[in-house]
Structures are given as C-alpha cells and as structure tokens.
Amino acid sequence: MSSLKELCAGLPLNPLPENRGRAAGVPHAPRRTPGLSAEELRLALQNSLRYFPPVLHKELAQEFADELRLYGHVYMYRFCPQIQMRAYPIHEYPCKTKKAAAIMHMIMNNLDPAVAQFPQELVTYGGNGQVFSNWAQFWLVMNYLAEMTEDQTLVMYSGHPLGLFPSHHNAPRVVITNGMVIPNYSSREEYEKLFAMGVTMYGQMTAGSYCYIGPQGIVHGTVLTVLNAGRRYLGLDDLAGKVFVTSGLGGMSGAQAKAADIAGCVGIIAEVDKAALLKRHAQGWLMEITDSLDQCVARLREARKNKTVLSLGYHGNVVDLWERLVSEYEATGDLLVDLGSDQTSCHNPFSGGYYPVQLSFEEANQLLASNPEKFRELVQESLKRQVAAINTLSEKGLFFWDYGNAFLLEAKRAGAEVEKDGVGKTEFRYPSYVQHIMGEIFSLGFGPFRWVCTSGDPQDLSVTDLIAASELENIINQGVDEAVQQQYNDNIRWIREAGRHDLVVGSQARILYSDQKGRVCIAVAINRAVADGRLKAPVVISRDHHDVSGTDSPYRETSNIYDGSAFCADMAVQNFVGDAFRGATWVALHNGGGVGWGEVINGGFGLVLDGSEESEERARMMLGWDVSNGVARRCWSGNRNAHETIRRTMEENSGLRVTLPYQVEDELILRKALGHN
C-alpha cells in the first residue's frame with residue numbers, strides 16, 4: 001500500500017492482499033473466550049463472510065474460522081493495511097468534503113501504533129475499546145467517507161457501516177452508535193458472544209467515536225485530580241516530596257506518569273506489561289523504570305526525602321507494590337505513600353484488564369486462554385489482597401480514591417472490604433474521584449474540551465495554545481466567581497506549559513478543562529484564525545465523553561448525583577440527540593466506557609471549524625447545549641454549584657429557561673409525613 005488514494009478505493013479484493021497474519025513485535029489483545037455454541041460459531045463465521053462476494057468465501061472461510069478459534073474474534077488480519085497508520089494532513093485525503101477528510105484524520109489517529117493499545121485488533125485503549133470490529137469495516141468506512149457529499153450521512157452500527165443515506169448539509173456527516181443492546185441482555189457474558197458474532201462492539205468512549213488524542217486526553221484531568229486531591233486531603237498546593245502510588249501505563253492510564261511530573265510529586269506506577277512500560281519510557285512520559293521492588297522503594301525514599309519530582313515505572317504487579325509498602329510501614333513505621341489510586345482496566349477485569357498477582361504476565365495470559373474460570377478466581381483473590389493492603393495503609397494516613405475504572409465495584413463483587421455502612425449503592429469506603437474532586441468541577445460547567453489541528457503542523461497547535469490562553473484571560477478580566485477563576489487559572493497555567501511538557505502523541509491535539517463560556521470563546525476564536533489564515537487548515541473541536549453532560553455512569557460521572565437518578569441515562573441520550581441537530585459534524589452514543597459494559601451510557605461529538613460563519617454559529621449553538629444540559633441536570637438533582645452556574649447562564653442567555661428545584665428546608669416535614677418519629 002503506497003497511498004491514501006488506494007486506501008480510500010474500497011476493500012482490496014482483486015487480488016486479495018497477502019495474508020500476513022498477526023504481526024510480530026506489536027502488542028496484541030488477549031485471546032477472547034466468548035464460549036460460543038456450535039450454532040453461534042456458524043453464525044459468527046457467516047457474518048464475517050458477508051463483507052465479501054461468494055467467489056472469495058472458500059478462501060477466506062477457513063482463515064476466519066482459525067482466527068475465531070485462536071483469538072475469539074474475526075479481526076481479518078489479512079486486510080490490515082500496509083500503510084503507515086497515522087493522522088495525515090487533511091489536504092492529503094481524497095475526499096469531496098473537508099468534513100469527511102477531518103473524520104478520516106481522526107480515525108487514522110485512533111489506529112496509529114504510537115497511540116493505539118492493540119493496533120492490529122483495532123483497539124485504541126482500555127483493553128477492548130474498539131474503533132471498528134474488523135478491518136473490512138475500516139476499508140468500507142474510508143471508501144464511504146471519500147465518496148460522501150454534504151448531502152449524505154454515514155450511519156454506523158457498532159463498527160459496521162450501514163451505508164450513506166441522503167440527508168442535508170446541516171445534518172451530521174456521521175452518526176455512530178456502539179453497543180446499543182436491549183437492557184435485559186446487556187450483560188458482560190452476552191457482550192462477549194455478541195462481539196464474537198460481529199453484531200455489536202464496545203467503543204469505550206473516544207475510541208469508537210474517533211476522538212481519542214492519545215494519553216494527553218486524560219493527563220490534564222489526572223493533573224487536576226492529583227492537584228485537587230493534594231488540596232483536599234493534604235491541605236497543600238505544593239506536592240513536592242508527596243508520594244502518589246497507582247497502576248497502569250497501557251492506554252489512558254499512561255497519562256499518570258506525566259501527570260505526576262507536571263503536578264510536582266513522586267509518582268510510582270506499577271505495570272505488568274513490559275511493552276507498555278517501555279513505550280511510555282521511550283515517549284518520555286516516564287522518567288525511570290525498574291523491575292526491582294528494592295530499587296523502587298529506595299528511589300521512592302530518596303525522591304521523598306529530597307523533594308524531587310519523579311515518575312517511576314515499576315515492572316510488576318501493583319499488589320506486590322502495595323504489600324511491600326505495608327511491610328515497610330510495619331518494619332520502620334514510615335508511611336511511604338500519601339495519595340493512592342488505581343487505573344487498571346477493571347471495567348474488563350476477566351479479559352485482560354486486571355492481572356492477578358499470583359502469576360506472571362505471560363502465565364496469566366496463558367491461563368486466560370485455557371481456563372478463564374480459574375483466571376477469574378485468581379483476579380478476585382488478587383483484588384481482595386490489594387484492597388487489604390490499601391485498607392491497612394489508609395488507617396495510617398493514606399488517602400485513596402477510585403479513579404472511575406470500576407476498581408471498587410469489582411473489588412466489592414470479589415468480596416473485598418470496601419463497603420460503607422449507611423450510604424447509597426454508589427458509595428464505598430473510598431470515594432470516587434468524581435464524588436470528592438471532579439464532580440464539583442463538572443457542576444461549575446468545567447470539563448475536558450479538546451481540539452485537533454488537521455494540518456498536522458505543530459506551529460498551528462502553538463497558535464491555538466496562545467488563542468486559548470488569551471480567551472480565558474479575557475474572561476477573567478471581565479469578572480468571574482472565585483471558584484471559577486481558580487479553574488481558569490489552573491487551565492491557563494496548563495496551556496502555557498503544555499508545549500514544554502511534550503504532550504503530543506499522534507495528532508496535533510490539545511486538551512484543557514473549560515466551562516461553556518470558555519469553550520465557546522475558544523472555538524469562535526479558533527474558527528476566525530482558520531478564516532484569516534493564521535491556521536493552515538480546519539480544526540476539529542471535541543471533548544472526552546467523560547464530561548459535564550456526556551455520560552451517565554453511577555459509579556463515575558454521575559456518582560455525585562444523590563436524588564436517585566444516578567442510574568438513569570436521559571442526560572447522555574439527550575446530549576447525543578441535541579448535539580446532532582445543533583450542528584455537530586458527527587455524533588456518537590455508546591453503551592459502556594470507563595466503568596464497563598452495561599454500567600454506562602455515554603456520548604460524544606466532533607465539530608469541524610472550517611473558518612466559515614456557519615461553523616461559528618454551529619459552535620455557539622452546540623457547545624452551549626453540550627454544557628448546559630448537564631449543568632441543568634446536576635442543578636435539578638440538588639447540587640448548589642450547578643444551581644448557581646445555570647442561574648448565571650440563564651441571566652446571560654435570554655433564550656435559556658431551566659426548571660429550578662425548590663429545596664426541602666425542614667427535614668422534619670418528611671419524617672412526619674412518612675410516620676417517622
């Protein structure tokens with residue numbers, strides 16, 4: 001494969017590409033064990049062949065059957081393109097519309113080996129966050145986008161391109177749904193079967209919506225979380241010499257090392273997969289690596305004593321690390337850790353998202369393939385040991401929080417001591433980072449806004465950094481509340497320092513946390529910079545689904561919703577629909593993401609700023625809804641910050657009218673009405 005033109009010409013069928021199988025030297029997804037019946041196996045194979053004319057079925061059937069048997073899914077490795085997969089400058093894509101070219105740019109970034117966790121299995125992050133289910137779908141989508149006009153919309157069913165349908169130029173160019181399984185059948189076990197049969201897909205959040213920007217996409221949120229954890233738990237703005245222990249360096253969790261560096265603390269991050277560890281070290285996101293617990297503890301003590309910044313990757317299981325820290329305390333009385341969390345892919349604990357301490361990485365992968373029930377048993381034993389160690393250190397002064405990866409949820413299911421008496425279902429012994437930190441930021445309307453310079457030129461990114469900082473400073477100068485100003489100041493500092501931290505992996509992208517006013521101002525200013533030539537090509541604006549309005553997730557994004565609606569998904573669904581008819585270039589709605597399949601409904605968008613007045617109007621209208629929807633919902637649930645934020649937004653926009661709640665001021669009224677003394 002030598003050109004994007006060939007890539008956009010459709011499935012290569014005559015002749016078929018050579019079957020090279022799985023590439024060596026590339027990280028691969030663990031083998032899946034869907035447990036298909038004989039009839040389901042037949043259906044899975046039949047479904048995979050329907051992308052190809054019958055004349056090819058005899059040649060491909062055995063090949064696809066072998067993949068299903070060996071890997072638990074038909075990825076169609078033969079059709080993995082022989083091209084350097086990366087986000088090419090937008091003008092290089094052979095398209096009829098720049099919007100389609102921008103979407104191609106984003107898709108190829110999600111599959112860039114420097115970005116994707118398992119590129120040949122089309123997994124961007126999280127162990128199972130798919131862009132597509134197989135490579136035939138990739139080829140078809142690229143062809144459809146190349147042929148698309150401004151009067152067509154590409155419809156995506158869980159990775160499958162249903163086709164181009166007539167629409168109009170104000171409609172989204174792509175509408176994506178992933179994992180929309182009937183609720184009673186949305187179990188983890190059913191998912192494994194449905195994915196193996198090629199009829200549904202787990203898109204995580206920004207994997208299946210084509211909006212991932214590498215680990216930078218979460219590093220800023222992790223920095224804010226660690227800084228605000230220091231403020232809340234330790235009473236400190238300066239984290240020099242304070243130790244943060246966690247795990248995971250694979251996909252999004254790879255941000256933790258860089259976040260520790262930026263936050264100025266000592267970060268010790270455990271990772272069982274050596275390839276992931278080496279990848280982050282080579283990218284400069286991890287300062288040091290070691291496979292020795294002795295050396296790990298020695299460097300921790302040294303950095304702690306000298307108050308030097310350190311991000312150290314420990315190649316080993318985090319349970320061993322936590323238990324060693326308990327031993328150090330018992331032997332010396334030294335509590336060597338101040339802050340702790342976990343970013344293993346616990347939303348997917350029994351399919352390679354969490355590795356049991358009892359086995360090596362290689363042994364665990366073998367057991368996962370040969371005896372998944374035994375693997376599950378060891379994972380749950382490991383979770384109990386990890387929690388026991390954390391509980392011991394917590395009693396001595398460690399502050400631990402759940403990072404929304406279903407760690408505490410799965411620990412509870414394993415029988416670990418994480419429950420808390422007298423609270424609702426979404427609360428545990430330790431808080432979710434949303435409950436104690438990010439939830440209040442969301443209630444102010446702040447969340448992970450991002451943009452991608454489709455020129456691929458780092459200079460364009462530098463220009464947008466200056467624009468963003470300037471716009472936020474202008475808002476501060478107009479006067480804002482103290483809590484809002486602190487968030488702006490944190491983000492101005494972030495954006496001004498972003499360049500020197502070498503955060504770009506893949507596309508020329510940036511993220512910062514902003515509220516509605518900031519997002520609109522930045523988008524409008526960037527659009528005008530495209531129009532006047534300061535930026536060489538259109539810019540895509542987007543956000544993480546993990547945002548103010550994008551996700552209903554009772555154990556993460558909506559875990560601080562206490563009116564009983566944390567398990568309801570109206571907000572995320574309404575957001576998807578509202579973004580679609582307010583100007584988004586593409587929209588996505590997913591089952592699963594973050595906490596796992598069946599636990600979450602979330603959505604996202606992409607909007608191409610091409611310098612036109614129409615783009616500015618779309619940005620103003622869509623971004624206003626995209627933030628206010630979630631703030632209004634949080635207000636109705638009783639959150640006082642959200643109440644003040646939406647009230648202030650209504651004063652600034654006469655077209656916005658939100659139903660405000662009245663608070664029950666006298667609890668005794670409720671007790672008497674219910675017959676309580």
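Quick notes on this structure:
- Residues whose amide H comes within less than 5 Å of that of Phe400, counting only those at least five positions distant or on another chain, are Gly340 (H built at 1.01 Å from N in the peptide plane).
- Accessible-area ranking of Val55, Val199, Val600, Val155, largest first, probe 1.4 Å: Val55, Val199, Val155, Val600
- Size descriptor, Kirkwood hydrodynamic radius, that averages inverse alpha-carbon separations across the range 545-677, Å: 16.3
- Relative frequency of Cα-Cα separations exceeding 18 Å in the range 298-354, percent: 45
- Heavy-atom accessible area, probed at 1.4 angstrom with all protein chains present, ranks Lys536, Lys517, Lys305 as Lys305, Lys536, Lys517, highest first.
- For the range 495-555, average projected area of the Cα convex hull in nm²: 5.8
- Ranked by the mean number of other Cβ atoms within 10 Å of their residues, highest first, the peptides 206-215, 464-473, 268-277, 287-296 come out as 206-215, 268-277, 464-473, 287-296.
- Considering all C-alpha pairs of the range 110-265, those separated by over 22 Å amount to 54%.
- Rounded, prolate or oblate (a/c below 1.5 giving rounded, otherwise prolate when a/b exceeds b/c) for the range 86-190 by Cα gyration tensor: oblate
- Here the chain carries DSSP beta bridges of which approximately 55% are antiparallel, counting only pairs with both residues inside.
- Taking the C-alpha atoms of the range 308-391, convex hull volume expressed per residue in Å³: 106
- List Glu395, Glu40, ordered by accessible area with a 1.4 Å probe, largest first: Glu395, Glu40
- Under-5 Å amide H pairs with Gly10, H placed in peptide plane, nonlocal only: Asn143
- Mean projected area of the Cα convex hull of the range 191-245, taken over all directions, amounts to 6.0 nm².
- Given charges at beta-carbon only (K, R positive; D, E negative), |dipole| of the chain in Debye: 500
- Using heavy atoms of the protein chains and a probe of 1.4 Å, the accessible area assigned to Leu236 is about 60 Å².
- For the chain, the convex hull drawn through the C-alpha positions has a volume of 162 cubic angstrom per residue.
- When the range 1-143 is reduced to its Cα atoms, the Kirkwood hydrodynamic radius in Å: 16.0
- Mean projected area (nm²) of the alpha-carbon convex hull when the range 1-45 is viewed from all directions: 5.6
- Using the Karplus relation 6.51 cos²θ - 1.76 cosθ + 1.60 with θ = phi - 60°, the per-residue 3J(HN,Hα) values for the range 541-548 come to 9, 7, 7, 5, 5, 6, 8, 4 Hz, with x marking Gly and Pro.
- Normalised by residue number, the volume inside the convex hull of the Cα atoms of the range 555-598 is 82 Å³ per residue.
- Centroid-to-centroid separation of the range 1-38 and the range 580-636 [C-alpha atoms, Å]: 32
- Local electrostatic count, Pro12, Cβ distance below 12 Å [Lys/Arg +1, Asp/Glu -1]: -1
- Exceedance of the 30 Å cut-off in Cα-Cα distance is limited, within the set Lys425/Lys672; Lys274/Lys425; Lys98/Lys274; Lys274/Lys305, to Lys274/Lys425; Lys98/Lys274.
- Pair-distance profile P(r), taking every C-alpha pair of the range 144-217, with 5 angstrom steps and integer %: 3, 15, 21, 17, 18, 14, 9, 3, 0
- Converting the Cα gyration tensor eigenvalues of the range 274-416 into ellipsoid dimensions via √(5λ) gives semi-axes, longest first, of 26, 19, 14 Å.
- Environment charge at Val452 (Cβ cut-off 14 Å; Lys +1, Arg +1, Asp -1, Glu -1): +1
- Alpha carbon centroid spacing (whole Å) that separates the range 310-353 from the range 150-186: 42
- Only Cα sites of the range 415-492 enter the Debye sum here, all with the same form factor; the resulting log10 I(q)/I(0) across q = 0.12, 0.17, 0.22 1/Å is -0.57, -0.81, -1.04, listed in q order.
- Largest first, the extents of the alpha carbon coordinates of the range 439-553 on the three principal axes equal 36, 35, 27 Å.
The values are calculated or read from the model by the stated rules, or taken from the named source; none is laboratory data. Keep in mind it's a predicted model, so treat the numbers as computed, not measured. In this analysis, Cβ positions are derived from the backbone assuming ideal geometry, glycine residues included, and neighbour counts consider all displayed protein chains. When the accessible area is computed, the model is the full protein with side chains, heavy atoms only, and any ligands, DNA or RNA have been set aside. Shrake-Rupley method; radii C 1.70, N 1.55, O 1.52, S 1.80 Å.
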